[in-house]
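Student: Structure below; questions to follow.
The values are calculated or read from the model by the stated rules, or taken from the named source; none is laboratory data. Source: prediction; values computed, not measured. Cβ sites come from the backbone with ideal geometry, for glycine too, and all protein chains shown count toward neighbours. Keep in mind that these areas ignore ligands, DNA and RNA; they rest on the heavy atoms of the full protein, side chains included. Shrake-Rupley method; radii C 1.70, N 1.55, O 1.52, S 1.80 Å.
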Amino acid sequence: MSAAVEALPNTRLLLSGNDAIARGVWEAGASIATAYPGTPSTEILETLALYPDLYAEWSVNEKVALEVAIGGAMSGARAFCAMKHVGLNVASDALMTITVSGVVGGLVIAVADDVGLSSSQNEQDSRYWGRFAHLPILEPADSQEAYEMVKEAFALSEACNTPVLLRLTTRVCHVKAVVEIGTRVPHPVPGFTPDPRRWVMAPANAKGLLPAQIAREGKLRALAETSPLNRIEDGQDHRIGFITSGPAYLHLRECFPNAPVLKLGFSYPVPVGLVSKFAATVGQMVVVEETEPLIETELRAAGIPRLHGKDLLPRLGELTPAVLLPAIHGLVGEPLPPGAVYPSSNPFPRPPTMCPACPHMGVYFALSRLRKQVLISGDIGCYTLGAGQPWNALDTTISMGASMGIALGMDKARGESGRDKAVVAVIGDSTFLHMGMQGLLDIVYNRGNVTAILLDNRTTGMTGGQHHPGTGKSLKGETAPRIDFAKLVEALGVAPERIRSVDSYQLPVVYKTIKEEIAIPEPSVIITTRPCALSEFFERQPPYRVIEESCTGCGNCLKVGCPAISVQRTDTRTRSDGSSAELKYVTIDAAMCTGCRMCVESCGPKAITVAQPVAVV
């Protein structure tokens, strides 16, 4: 349990940004909190679920999460929704309309940008949603500001009748800092008041609300000019003044403690008047923002002179001291001060791999053996690792749920190179419920010749093992209805005889099933049934060991990809044709081995057997 949940008011705690936001949401009197898990935002809702007097749910996707929060805000409740940056793309349909109708209770949307692509397929800048959807953007730099700004966001939302976007980054979400917390202030919920002209977004009604939306943006611009979240910090060296927002402010202060800084916490609408006032006090200005030049573009459009930004600083990655120092000292023509060169860190490379006993390994082992016969469309999840060694068993990965539609496109656009190949789509259970069902329906409806492999490991594995409608448990661990995937895909139109369930630890069965289904020219679904090795549903078995005198060095077990298996020694054998083959004699780390038997299934000489049980601490 998070220390913040049971802490007394007015105490100081070491909290991550995610924990601090959760505390701020609860103190603000929010009644509803929703999310779909996605790094780096996942822990916000996990922590919120621990607080009393608040309803929290994992929704099936970000669009539904936002819609549930909107329903609460329409009813006068303070509602909160969290997601990572790519999730806001999914939720954008609902977002773009609620910004027209406005809200009753405060509606705060926390969106976490993955600056530096720690765990994402792109590095989009969510601040552009402020411009696109006419929303105010608040940007905290650390945990204390995250805690304070989320409460300020609820007040701003209600004062201006608009959703508020709280833009976070990985560094804010996951880095811990000292936070002084307060107490919860309950917010009454009056309930929904019918008003079709406002809430029924038919064209005639929406058209009538657009002038109010434009007027709200004017009010927001005025508030940004005087907001205490935007502050000028004077300095001794006025040659360069910096305009910055978010955690880049902390990097900047570390590098240039004596420089004047305009820190924007209320960063959109950009307070152009405040910037003009600041500009009059410095020689040149540098906009330090991650990642896109949103503030810089606004200021250039407003005619602000002597401005630098992305002409000096990169548009990708974090603006750390290693980036800022050379750029700014180069601007003023000064050498870097002694000790200012940050050494590069080049640790020994550790490519990502799956966990011991991961059920996905069995599927990719089979697919790798069929690699010349199939095109494989992948998706977002732990199973994206199937693109790497030793499997090399994915051809595409684009976005959540995309494996289905892309597979259908591959099927309908078979060129010469793919005419003799089957098309396979791989998707996880949570991802299938998130956005994959529609794609499978499209395959069925348009008679696609695609075999979909639904990897049901009973968890949202990539983000840390959260529950979903296929696990049988809710966010709070309570028993919940569990979706029957076989019945679900049958309801989507897949013929019952084309729905196969397999144990992914049984490698010959998995291989045989895939080979059979790709040979049939109609939609089919193969459902795996082993739980994630890190989930509560997994049962660890006694570990295995290698019988050294029986091992032939064939290395077939290494192709399963289990990290518990490693090469102990190598040797070279000369074949009858004069060529040489490398033999790899292996060992199994008993502390890592979970007894899944996949290595046993792959071993021709039967050189792997059960070891003595190892005590698990």
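Student: With just the Cα atoms defining each centre, how far is the stretch 114-179 from the stretch 88-105? Give it in Å.
Tutor: First find each Cα centre; the distance between them is then 16 Å.
Student: Averaged per residue, what accessible area in Å² does the chain show with a 1.4 Å probe, protein chains only?
Tutor: Counting only protein heavy atoms, the per-residue value for the chain is 43 Å².
Student: What length, rounded to one decimal in nm, is gained on full extension from K487 through to V567, with 0.36 nm per residue of separation minus their alpha-carbon distance?
Tutor: Computed gain between K487 and V567 is 24.5 nm.
Student: State to the nearest 20 debye the size of the charge dipole of the chain about its Cα centre, where the only charges are +1 on K and R beta carbons and -1 on D and E beta carbons.
Tutor: About 820 debye.
Student: Using θ = phi - 60° and the Karplus relation 6.51 cos²θ - 1.76 cosθ + 1.60, list the HN-Hα couplings for the stretch 115-121 in order, rounded to whole Hz, with x at every Gly or Pro.
Tutor: My calculation for the stretch 115-121 gives 5, x, 6, 5, 8, 9, 8 Hz in order.
Student: Given charges of +1 on the Cβ of Lys and Arg and -1 on the Cβ of Asp and Glu, with all other atoms neutral, how large is the dipole of the stretch 425-506 about its Cα centre, in debye to the nearest 20?
Tutor: Here the stretch 425-506 has a charge dipole of around 80 debye.
Student: Work out, step by step, the length gained on full extension between L336 and D234: first 0.36 nm times the residue separation, then minus their alpha carbon distance; give nm to one decimal.
Tutor: Result: 34.4 nm gained on full extension.
Student: Let me ask something else about it. Would you please name the chymotrypsin sites (Phe, Trp or Tyr not before Pro) within the stretch 246-295 that are DSSP coil residues with at most 15 other C-beta atoms within 10 Å of their C-beta?
Tutor: Passing sites in the stretch 246-295 do not exist.
Student: Just to check, using Stokes-Einstein with a Kirkwood Rh over alpha carbon pairs, what's the diffusion coefficient of the stretch 271-396 at 10 °C and 1.306 mPa s in µm²/s?
Tutor: The calculation lands on 82 µm²/s.
Student: What share of the DSSP beta bridges in the stretch 229-351 is antiparallel, in percent to the nearest 5?
Tutor: Here the share of antiparallel DSSP bridges comes out near 25 percent.
Student: So, one more: Charges on Cβ only, +1 for Lys and Arg, -1 for Asp and Glu, centred on the Cα centroid of the chain; of T431, S377, F80, which one is farthest towards the dipole's positive end?
Tutor: S377
Student: Let me ask you something else. In nm, what is the difference between 0.36 nm times the number of residues separating L312 and I398 and their Cα-Cα distance?
Tutor: Gain on stretching L312 to I398: 27.8 nm.
Student: For the stretch 114-250, what value does the Rg/Rh ratio take when both radii are computed over Cα atoms and Rh is the Kirkwood radius, given to two decimals?
Tutor: Rounded to two decimals, Rg over Rh is 1.02.
Student: To one decimal place, what Kirkwood hydrodynamic radius in Å is obtained for the stretch 243-341 from all pairs of distinct Cα atoms?
Tutor: One decimal place: 13.8 Å for the Kirkwood radius.
Student: Something else now. Once the Cα gyration tensor of the stretch 459-617 is diagonalised, what are the square roots of 5 times its eigenvalues, in whole Å and ordered largest first, as equivalent ellipsoid semi-axes?
Tutor: 36, 24, 11
Student: Continuing with the same structure: D442: net charge of surrounding residues, Cβ under 13 Å, Lys/Arg +1, Asp/Glu -1, itself excluded?
Tutor: +1
Student: Here is a further query. How much of the accessible area of the chain, probe 1.4 Å, is carbon plus sulfur, in whole percent?
Tutor: Solvent-exposed carbon and sulfur of the chain make up 56 percent of the total.
Student: For the chain, what's the relative contact order in percent, using C-alpha pairs closer than 8 Å and at least 6 residues apart?
Tutor: Computed value for the chain: 10 percent relative contact order.
Student: Follow-up question, since we're still on this one. Which pairs, out of K515/K584; K372/K515; K151/K263; K63/K84, put more than 21 Å between their alpha-carbon atoms?
Tutor: K515/K584
Student: Roughly how big is the stretch 42-162's charge dipole about its Cα centre, with Cβ charges of +1 (Lys, Arg) and -1 (Asp, Glu), in debye to the nearest 20?
Tutor: Magnitude of the dipole: close to 380 debye.
Student: Add +1 for every Lys or Arg and -1 for every Asp or Glu among the other residues with Cβ under 15 Å from the Cβ of I214, and state the total.
Tutor: Value of the local net charge: +4.
Student: Considering only DSSP beta bridges whose two residues both sit in the chain, what percent are antiparallel, to the nearest 5?
Tutor: Here the antiparallel bridges make up roughly 30 percent for the chain.
Student: Separate question: Estimate the FRET efficiency between M201 and S92 by the formula 1/(1 + (r/R0)^6), using the beta-carbon distance for r and 22 Å for R0, to the nearest 0.05.
Tutor: Plugging the Cβ-Cβ distance into 1/(1 + (r/R0)^6) gives 0.90.
Student: Follow-up question, since we're still on this one. I'd like the projected area of the stretch 1-123, averaged over all directions, using the convex hull of its alpha carbons. Report it in nm² with one decimal.
Tutor: Across all orientations, the stretch 1-123 yields a mean hull projection of 7.8 nm².
Student: Could you point to the residue in L492, T528, I608 farthest towards the positive end of the stretch 469-617's charge dipole, with +1 and -1 charges on the Cβ of Lys/Arg and Asp/Glu respectively?
Tutor: Projecting each Cα onto the dipole axis, the largest value belongs to I608.
Student: Next question. Evaluate 2.2 N^0.38 Å with N set to the residue count of the stretch 502-555, then give the Cα radius of gyration divided by it.
Tutor: 1.62
Student: What is the local net charge at G283, summed over the other residues whose Cβ is closer than 9 Å to its Cβ (Lys, Arg +1; Asp, Glu -1)?
Tutor: +2
Student: Right, next: Could you calculate the FRET efficiency of I214 with F537 from 1/(1 + (r/R0)^6), where r is the beta carbon distance between them and R0 is 60 Å, rounded to 0.05?
Tutor: 0.70
Student: Same structure, new question: Counting other Cβ atoms within 10 Å, which GluC sites (Glu not before Pro) in the stretch 45-121 have at most 13 and lie in a DSSP loop?
Tutor: When the GluC sites (Glu not before Pro) of the stretch 45-121 are filtered for loop state and at most 13 Cβ neighbours within 10 Å, nothing remains.
Student: DSSP loop (so not H, G, I, E, B), at most 11 other Cβ within 10 Å: list which GluC sites (Glu not before Pro) in the stretch 454-543 pass both filters.
Tutor: Those satisfying the criteria are E478, E539.
Student: Can you figure out the FRET efficiency of V610 with V509, using R₀ = 22 Å and their beta-carbon distance, to the nearest 0.05?
Tutor: 0.55
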